[in-house]
Amino acid sequence: MKIFAPFLVAALATQSWAVPTLYLAGDSTMASGGGGSGTQGFGEYLKNSFSGITIVNKAIGGRSARSYWNEGRFQAIADLVKAGDYVLIEFGHNDGGSLSTTDNGRTDCFGGGSEVCISPTTGEKVYTYVFYLLQAGKLMTAKGAHVVIASPTPNNLWETGTWSYTAPRFTGYGKSVVTSLGSLAAVVEHGRRRRKRV
């Protein structure tokens, strides 16, 4: 081992260690400018919690997993990521609704797997939240990037003065995506920890 040590030190000395990048893909709860009216998404504050990492906020207000996919935004991030980077994905607030008579371009097909619906207004094949996130995750992990699926942020649970959290269906969907993606993926459930009122 001692014979190889000088060669290892020399090799490491010539390596350029890249600073990892954290890409953010989400809706107004994460976006710069939030949902307007002077609000900011949580993505704008992450820089205050991390050092030694570059943060690129690609979140856009009003988006769902479906619309983000259809607009090519996941692909745009996949074109930038490199091995060792991180992609934090958080959707769910704009993914619900019904495709029975109208289509706002954001609603996903209801279901936790490979269900397919047809848009009543455009005839587009509409897939599930799980499908869109799984396809996005595969794009990122194929490049060696780590994927973190975050549950939707809780909706003002403190307004009654009592913390009461029930996970939306998208939380379970996100966990199934992480299981399918494997070791390069992780999940964050925003509402899981109880917070004390200040």
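The values are calculated or read from the model by the stated rules, or taken from the named source; none is laboratory data. The model shown is predicted, which means the values in this text are computed figures rather than measured ones. Because the Cβ atoms are built from the backbone with ideal geometry, glycine has one as well, and the counts that use them run over all protein chains shown.
If you go through the range 69-95, how many residues are of a type in the set (Gly, Ala, Ser) and either at pLDDT below 95 or closer than 19 Å to PRO152 by Cβ (or both)? Lay out the reasoning, then the answer.
Of all residues in the range 69-95, those of a type in the set (Gly, Ala, Ser) come to 72, 76, 78, 83-84, 92.
Now narrow it down to the ones that are either at pLDDT below 95 or closer than 19 Å to PRO152 by Cβ (or both): 92.
Within the range 69-95, residues that are of a type in the set (Gly, Ala, Ser) and either at pLDDT below 95 or closer than 19 Å to PRO152 by Cβ (or both) number 1.
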When the range 12-44 is examined, which residues are found to be surrounded by 10 or more Cβ atoms within 10 Å (Cβ to Cβ) and either among the aliphatic types (A, V, I, L, M) or modelled with pLDDT under 50 (or both)?
ALA18, LEU22, LEU24, ALA25, MET30, ALA31
Having 1 or more residues that are surrounded by 23 or more Cβ atoms within 10 Å (Cβ to Cβ), of a type in the set (Phe, Trp, Tyr) and out of contact with any Asp or Glu (no Cβ under 6 Å at 6 or more places or on another chain) is the bar; report the strands (runs of 3 or more DSSP E) wholly within the range 56-174 that clear it.
none
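Confirm whether LYS138 is modelled with pLDDT of 95 or more, basic (Lys, Arg) and over 22 Å from the mean Cα position of the chain (by Cα). Please lay out each step first, then the result.
Working: modelled with pLDDT of 95 or more: yes; basic (Lys, Arg): yes; over 22 Å from the mean Cα position of the chain (by Cα): no.
Considered against the rule, which asks whether it is modelled with pLDDT of 95 or more, basic (Lys, Arg) and over 22 Å from the mean Cα position of the chain (by Cα), LYS138 comes out as no.
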